[in-house]
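Chemist: Handing you a structure now.
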Amino acid sequence: MKKRVAIVTGAGRGIGFATAQKLAESGLKVALIDRSPSVVQQGERLQEAGYEAIGIVGDVSTASSVGEFTQQVRDTFGSISILVNNAGLTLVHRDWKSVTPEQWDEVMTVNLKSMFLCTRAVIADMEEQQWGRIVNISSVTFLSGQRNLIDYVSAKGGTVGFSRTLAREVGADKITVNTITPGAIRTEAEIEMVPDANDAALAPIMDVQAIKRRGTPEDVAVAIAFLCSEEASFITGQNLVVDGGWMLN
């Protein structure tokens, strides 16, 4: 795996950065992509730890930006073997009627269309190598039908459908495509949305969750790293739920 090159989108923090770090620890060359300029420092942080990594500011929602940062990755590390589509956007609404068409389009673009754009930009590399791993990040909200997130939940449901169909399209080229569906994970984004998430706000989840602790970005990262590994070569089109036994899907 040390010759493999991975791209992780939305890697400036949370699950994305934890995943990039885990893949780097596995010996991969890792490109961290995020629209926040802080991703550059996150890449440098991994470099200082002795890993081959680079942080690139990029917008996954436009084909031109995706083309630019994927080419920068090739110029830096070589042909791309692994893609983790983690970038996402959540807009909280009071109810579904308050969602504007513009908000719907924005959430769909960042959460779903970006996966199509990034995959299209790297798939030729994987086909040429006759080896590839694509992991797309969904959300447990798709399984629960979370209220006040109709645009986000719809996009995350589309992620599962996209992954299953793509898995059939590219399997002959020894490329696997899987989905990871995280549960209630303690990330910076969650803290911003639910500041008291360790307390009363998530008590109902803790009541039904089989494992009685909060999920961490590292819990999700290890599952992603497995699906990116050689050992996962016969696993494709699957949706792996990492939620501590909340939904038991």
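Taken together, the values in this text are just the output of simple stated rules run on the coordinates, not laboratory data. Computed from a predicted model, the values in this text were never measured in an experiment. Methodologically, a virtual Cβ is constructed for each residue, glycine included, from the backbone with ideal geometry; neighbour enumeration extends over all protein chains shown.
Chemist: Can Ala18 be described as part of a helix (DSSP H, G or I), under 20 Å from Ala232 (Cα atoms) and out of contact with any strand residue (DSSP E or B) (no Cβ under 9 Å at 6 or more places or on another chain)?
Modeler: Yes, satisfied.
Chemist: Would you pick out the residues in the range 39-83 that are in a loop (DSSP other than H, G, I, E, B) and either surrounded by fewer than 23 Cβ atoms within 10 Å (Cβ to Cβ) or touching a Gly at 6+ places or on another chain (Cβ under 7 Å) (or both)? If you could, list the steps in order and put the result at the bottom.
Modeler: Of all residues in the range 39-83, those in a loop (DSSP other than H, G, I, E, B) come to 49-52, 58-62, 78-81.
Of everything in the range 39-83, those that are in a loop (DSSP other than H, G, I, E, B) and either surrounded by fewer than 23 Cβ atoms within 10 Å (Cβ to Cβ) or touching a Gly at 6+ places or on another chain (Cβ under 7 Å) (or both) turn out to be Ala49, Gly50, Tyr51, Glu52, Asp59, Ser61, Thr62, Gly78, Ser79, Ser81.
Chemist: Right, next: Which one of these does Gln103 not meet: (1) crowded, with 17+ Cβ neighbours inside 10 Å; (2) in a helix (DSSP H, G or I); (3) in contact (Cβ under 8 Å) with a residue 40 or more places away in the chain?
Modeler: Result: Gln103 passes all but (1).
Chemist: Across the range 200-225, which residue is surrounded by the fewest Cβ atoms within 10 Å (Cβ to Cβ) among those that are of a type in the set (A, V, I, L, M, F, W, C) and in contact with a helix residue (DSSP H, G or I) (Cβ under 7 Å, 6 or more places away or on another chain)?
Modeler: Val222
Chemist: Could you tell me which residue of the range 26-37 is farthest from Ser61 (Cα to Cα), considering only residues that are within 18 Å of the chain's Cα centre (by Cα) and not basic (Lys, Arg)?
Modeler: Initially, the range 26-37 is screened for residues within 18 Å of the chain's Cα centre (by Cα), giving 26, 28-36.
Checking the rest, the ones that are also not basic (Lys, Arg) come to 26, 28, 30-34, 36.
Working: Ser26: 29, Leu28: 25, Val30: 20, Ala31: 17, Leu32: 16, Ile33: 12, Asp34: 11, Ser36: 14 Å.
Applying the filter and picking the extreme gives Ser26.
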